[in-house]
1. Does residue 74 meet the test of being more than 21 Å from residue 170 (Cα to Cα), surrounded by fewer than 19 Cβ atoms within 10 Å (Cβ to Cβ) and in contact with a helix residue (DSSP H, G or I) (Cβ under 7 Å, 6 or more places away or on another chain)?
2. Out of the residues in segment 185-198 meeting the condition of being over 16 Å from residue 100 (Cα atoms) and loosely packed, with under 11 Cβ neighbours inside 10 Å, tell me which one is modelled with the highest pLDDT.
3. Taking the conditions exactly as written (assigned to a loop (DSSP other than H, G, I, E, B), under 21 Å from residue 97 (Cβ atoms), at pLDDT 95 or above and touching a helix residue (DSSP H, G or I) at 6+ places or on another chain (Cβ under 8 Å)), does residue 156 satisfy them or not?
4. Could you list, in sequence order, the residues of segment 133-153 that are outside any loop (DSSP other than H, G, I, E, B) and surrounded by fewer than 18 Cβ atoms within 10 Å (Cβ to Cβ)?
5. Would you check if residue 85 is surrounded by fewer than 18 Cβ atoms within 10 Å (Cβ to Cβ), at pLDDT 90 or above and more than 23 Å from residue 153 (Cβ to Cβ)?
6. Just checking, does segment 42-61 include any residue being in contact with a helix residue (DSSP H, G or I) (Cβ under 6 Å, 6 or more places away or on another chain) and closer than 18 Å to residue 120 by Cβ?
7. What are the pairs with Cβ atoms under 8 angstrom where one residue, in segment 40-51, is under 14 Å from residue 166 (Cβ atoms) and the other, located anywhere, is assigned to a helix (DSSP H, G or I)? Sequence gap at least six, or different chains.
8. Given the conditions (1) buried (at least 16 other Cβ atoms within 10 Å of the Cβ); (2) farther than 22 Å from residue 10 by Cα; (3) touching a strand residue (DSSP E or B) at 6+ places or on another chain (Cβ under 6 Å), which single one is not true for residue 107?
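The values are calculated or read from the model by the stated rules, or taken from the named source; none is laboratory data. As the structure is a prediction and not an experimental result, all values here were calculated from the model. All Cβ positions, even for glycine, are placed from backbone atoms using ideal geometry, and neighbour counts span all protein chains on display.
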């Protein structure tokens, strides 16, 4: 079951074991740290200087206990956080590209290969459609990224038209496949459903 606890600025979806919420400053930094390993960068292709900038603090960020600050760092960036230890598990992000919104995401190394990718993209689609008012969102995956393609399909995305090649931030050109999640009408959630804190009492 998914529980909702949104305020005017923060969107929060809560499952039994984790929460997906609008990223605050520390959650944003920790989320970026989940994607700085070689396996993730094989698919993401961030610029090398960006990856290097996280190396000195990466372990600290991955193990930081995250609090629920009231101010979002990016209204389209959402952190996946474990409820038990309050540490980062991954992230999903929406970005406007060429007149449409595209979604991407990443899981921290220790959470990959467990089926969480499909859940991450499912929650991302819910946030996009039912909280941010977007009727259509797209996601691209490299042809060889079988795990990502499978996660998108399990999350309800369907194959869509898109460029056959995509240039990553580091300049590499990859062969890409595109997927789409569509609803008849997107909704913007209203305030008034917020709880003071979203972590379980200890």
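1. Considered against the rule, which asks whether it is more than 21 Å from residue 170 (Cα to Cα), surrounded by fewer than 19 Cβ atoms within 10 Å (Cβ to Cβ) and in contact with a helix residue (DSSP H, G or I) (Cβ under 7 Å, 6 or more places away or on another chain), residue 74 comes out as yes.
2. Step one: filter segment 185-198 for residues over 16 Å from residue 100 (Cα atoms), giving 187-198.
This time we only want the ones that are loosely packed, with under 11 Cβ neighbours inside 10 Å, so: 188, 190-192, 196-197.
Values: 188: 80, 190: 64, 191: 57, 192: 48, 196: 38, 197: 44.
The selected residue is 188.
3. On the way: assigned to a loop (DSSP other than H, G, I, E, B): yes; under 21 Å from residue 97 (Cβ atoms): yes; at pLDDT 95 or above: yes; touching a helix residue (DSSP H, G or I) at 6+ places or on another chain (Cβ under 8 Å): yes.
It is true that residue 156 is assigned to a loop (DSSP other than H, G, I, E, B), under 21 Å from residue 97 (Cβ atoms), at pLDDT 95 or above and touching a helix residue (DSSP H, G or I) at 6+ places or on another chain (Cβ under 8 Å).
4. 136, 146, 147, 150, 153
5. Criteria met by residue 85.
6. No, because not a single residue in segment 42-61 is in contact with a helix residue (DSSP H, G or I) (Cβ under 6 Å, 6 or more places away or on another chain) and closer than 18 Å to residue 120 by Cβ.
7. That search, which allows pairs on different chains as well, returns 43/148.
8. (2)
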